[in-house]
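Below are the structure tokens for one structure; questions will follow.
Throughout, read-outs are computed from the coordinates displayed, never taken from laboratory work. Treat the numbers as computed from the prediction; the structure is a model and nothing was measured. Here the Cβ is made from the backbone with ideal geometry for all residues, glycine too, and neighbour counts use every protein chain on show.
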Amino acid sequence: MTAASAGFSAEEKAAMKDRAAELKADARRGKAEEKAAADAATMREKIEGMPQPDRGMAERLHEIVGGAAPDLLPKLFYGQPAWTRDGKPVVFFRSGQQDKERYSTLGFSSKANLDEPSGFWPTSYALTELNDETATTIARLVTRAAS
């Protein structure tokens with residue numbers, strides 16, 4: 001049997017294997033991007049259905065989190081807006097009106113990088129108004145949480 005009829009060379013086989021891996025990765029990435037887009041749309045719909053003032057706060061939070069930590073992906077978590085990494089919430093918003101509570105809550109999960117050397121730090125905040133000062137503080141916290 002000649003070398004020409006023996007089949008593919010080791011280099012050709014490696015190239016085909018690499019190409020197959022690239023196509024598989026592209027397919028996964030496409031599915032992940034489609035899922036992320038669908039999650040973002042679902043979250044926008046949920047926010048649009050919230051009563052004011054929670055809707056306004058959730059819309060502004062979505063902008064703040066997107067600007068401060070663009071790598072966090074929007075997703076509903078227990079029916080409320082959250083921003084996730086690897087499918088796990090890092091930052092979340094709980095509508096006080098939907099929960100029949102006195103105030104809404106901005107919270108951070110154990111995935112958030114907020115640890116203090118003292119061993120004591122807040123993981124959630126009551127939120128009744130989102131003004132420019134509050135927005136600046138939230139952006140700083142989200143940037144730190146996502147780092």
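Under a GNM of the chain (C-alpha, springs under 10 Å), which listed residue has the highest mean-square fluctuation: Arg94, Arg102, Arg85?
Fluctuation is largest for Arg102.
Can you give the extra length, in nm with one decimal, that the chain gains between Arg19 and Arg55 once fully stretched, where that is 0.36 nm per residue apart less the Cα-Cα distance?
8.3 nm
Which angle between 0 and 90 degrees, to the nearest 10, do you get for helix 132-146 versus the longest principal axis of the chain when only C-alpha atoms count?
40 degrees
For helix 10-48, what angle does its Cα long axis make with the longest principal axis of the chain, in degrees from 0 to 90 and rounded to 10?
20 degrees
Now for a different question. Where Rh denotes the Kirkwood radius from the mean inverse Cα pair distance, what is Rg over Rh for the range 9-146?
On the Cα set of the range 9-146, Rg over Rh gives 1.14.
Could you tell me which of Trp121, Ser104, Leu76 has its Cα farthest along the dipole of the chain towards the positive end, charges placed at Cβ (Lys, Arg +1; Asp, Glu -1), taken about the Cα centre?
Leu76
For an R0 of 25 angstrom, estimate the FRET efficiency from the Cβ-Cβ distance between Asp115 and Thr136 and round to the nearest 0.05.
Calculated transfer efficiency: 0.70.
Another question about this same structure. GNM, the chain, Cα, under 10 Å: largest mean-square fluctuation among Glu63, Glu12, Glu45?
Glu12
Still on this structure, I have one more. Which of Lys31/Lys111; Lys24/Lys88; Lys13/Lys35; Lys24/Lys111 have a Cα-Cα distance over 26 Å?
Where the Cα-Cα span goes over 26 Å, the pairs concerned are Lys13/Lys35; Lys24/Lys111.
In which sequence would Lys24, Lys35, Lys100 go, from the one with the fewest C-beta neighbours within 10 Å to the one with the most?
Fewest-to-most ranking of Lys24, Lys35, Lys100: Lys100, Lys24, Lys35.
Relative to the Cα centre, what is the charge dipole magnitude of the range 1-116, using +1 at the beta carbon of each Lys and Arg, -1 at the beta carbon of each Asp and Glu, and rounding to the nearest 20 debye?
300 debye
For n ≥ 4 DSSP H runs only, could you compute -39500 (n - 2.57) per run for the chain, divide by its residues and tell me the 222 nm figure to the nearest 500?
-16500 deg cm²/dmol
On to the next question. Evaluate E = 1/(1 + (r/R0)^6) for Ala126 and Ala32, where r is the Cβ-Cβ distance and R0 equals 35 Å; express this FRET efficiency to the nearest 0.05.
0.50
Still on this structure, please answer the following. Neighbour counts of other C-beta atoms within 10 Å: give me Trp83, Trp121 arranged from fewest to most.
Trp121, Trp83
Of Thr105, Thr136, Thr84, how do they rank once you tally other Cβ atoms within 10 Å and put the fewest first?
Thr136, Thr105, Thr84
Then there is this: Most mobile of Glu11, Glu22, Glu34 per a Gaussian network model of the chain (Cα springs, under 10 Å)?
Of the options given, Glu11 has the highest mean-square fluctuation.
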